[in-house]
Amino acid sequence: MKHLLKMSDLSKADIIDILNLADQLKYELKHNIPHRHLEGKTLGMIFQKSSTRTRVSFETGMYQLGGNALFLSSRDLQIGRGEPVQDTARVLSRYLDGIMIRTFAQKEVEDLSQFGNIPIINGLTDYCHPCQVLADLMTIREYKGQFDGLKMCYIGDGNNMANSLIVGGLTVGMEVAVACPEGYRPDPTVLEFAKAYGNKFTLTDKPVEAAANSDVLFTDVWASMGQEGEAEIRRKAFAGYQINDEVMAAAKRDAMVQHCLPAHREEEITAKVFEAHAEEIFDEAENRLHAQKAVMVKLMKS
């Protein structure tokens, strides 16, 4: 593993290896056991999309691992004023030990990996969100103990979260059901990937049908960053695509609920369901720190 660009770059063994290390790092942190695996290393963090969890978790993670993190907004870089990505990649490769980028186009992440010679970590693109899904899988395994025999349900926009959850869930052996309205389906490349898993993957426009007998349910905001102008159109399109009492009644009695946050209560999830599952959701948010530390150690440790 040279980079983390998208979930489909990872095999089941890769994912389990990352999660095992994440569990170990979490245990060590809770028990005040130092794990300064990246002493003297520097991570550059390029943000063309703002973030709460991504910035804080990566910056804190690098500090706990003994390294340094540099926050680089598009306003701070020549890339924001037209410098080609390939030039930025080649320059930063001479200063840094790794780059995390949170941006719009997946191609930008892929180009950084092609032209640079240091590890590239995808902190989010419009296509996928691998760091979040590694944290999600870590949380599922903490609560359920395994992946085999579990069913994951995602309800809402077929966005970057849906794309990565489908790939990640299927790769580790889960059944995956997705409910999206027409016109808001997951990326065609992801649906093609899912075909290989036969009846372990279901795509429907009926949320209750997708939720039936689920062990874990996911959702995300109806309008992601950069789609604010579509908010009203999306509210109409996603009416009914909500995790609520009816949907929870179709799932297993001990079903988990996960949300990558921020959550818009009474849109994609009711306040009642959110608060009933808040512990799971905030464990998921915490696990961003541990999963990303594991990724950084795997990629950046000499």
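Values in this text are rule-based calculations from the coordinates and carry no lab data. Owing to the predicted nature of the structure, the values given are computational and were not obtained by experimental measurement. Cβ atoms come from the backbone with ideal geometry, glycine included; neighbour counts cover every protein chain shown.
Things worth noting here:
- Working ranking of peptides 135-146, 234-245, 169-180 by packing, defined as the average number of other Cβ atoms within 10 Å per residue, highest first, is 169-180, 135-146, 234-245.
- Amide H contacts under 5 Å for Tyr127, placed H, 5+ residues apart: Gln106
- Entries in Lys2/Lys49; Lys107/Lys195; Lys26/Lys236; Lys252/Lys298; Lys6/Lys200; Lys2/Lys26 that, when Cα-Cα distance is taken, lie over 30 Å: Lys26/Lys236; Lys252/Lys298
- Largest first and in whole Å, the equivalent-ellipsoid semi-axes of segment 219-302 read 28, 20, 9, each the square root of five times a Cα gyration tensor eigenvalue.
- Fewest neighbouring Cβ atoms within 10 Å first, the residues Val208, Val56, Val247 line up as Val56, Val208, Val247.
- For segment 91-209, the equivalent ellipsoid derived from the Cα gyration tensor has semi-axes of 29, 17, 12 Å, listed largest first.
- Of the Cα atoms belonging to segment 130-284, the radius of gyration and Dmax stand at 14.1, 41 Å.
- Coordinate range of the alpha-carbon atoms in the chain per principal axis, descending: 54, 45, 36 Å.
- Rounded to two decimals, the Cα-based Rg/Rh of segment 181-231, with Kirkwood Rh, is 1.00.
- A full extension of the chain between Glu286 and Thr42 corresponds to an added length of 85.6 nm, given 0.36 nm per residue minus the alpha carbon distance.
- Counting beta carbons within 10 Å around each of Tyr127, Tyr27 and listing the fewest first gives the order Tyr27, Tyr127.
- Quarter of the Cα convex hull surface for segment 36-127, i.e. its orientation-mean projected area (nm²): 5.4
- Mean-position separation - Cα centroids, segment 19-72 and segment 218-233, in angstrom: 29
- Base-10 log of normalised Debye intensity for segment 138-182 (one unit scatterer per alpha-carbon) at q = 0.18, 0.31 Å⁻¹: -0.52, -1.15
- Paramagnetic reach from Asp76 in segment 96-125 [backbone N under 13 Å; point 7 Å along Cα→Cβ]: 100-102
- For the chain, the 222 nm mean residue ellipticity estimated from helices alone, with every DSSP H stretch of n ≥ 4 adding -39500 (n - 2.57) and the total spread over all residues, rounds to -13000 deg cm²/dmol.
- Theoretical FRET efficiency, 1/(1+(r/R0)^6), r = Cβ-Cβ of Asn68 and Ala249, R0 41 Å, to 0.05: 0.25
- Applying a length cut-off of 18 Å (Cα extent along the axis) and a mean Kyte-Doolittle floor of 1.0 to the DSSP H helices of the chain leaves no helix.
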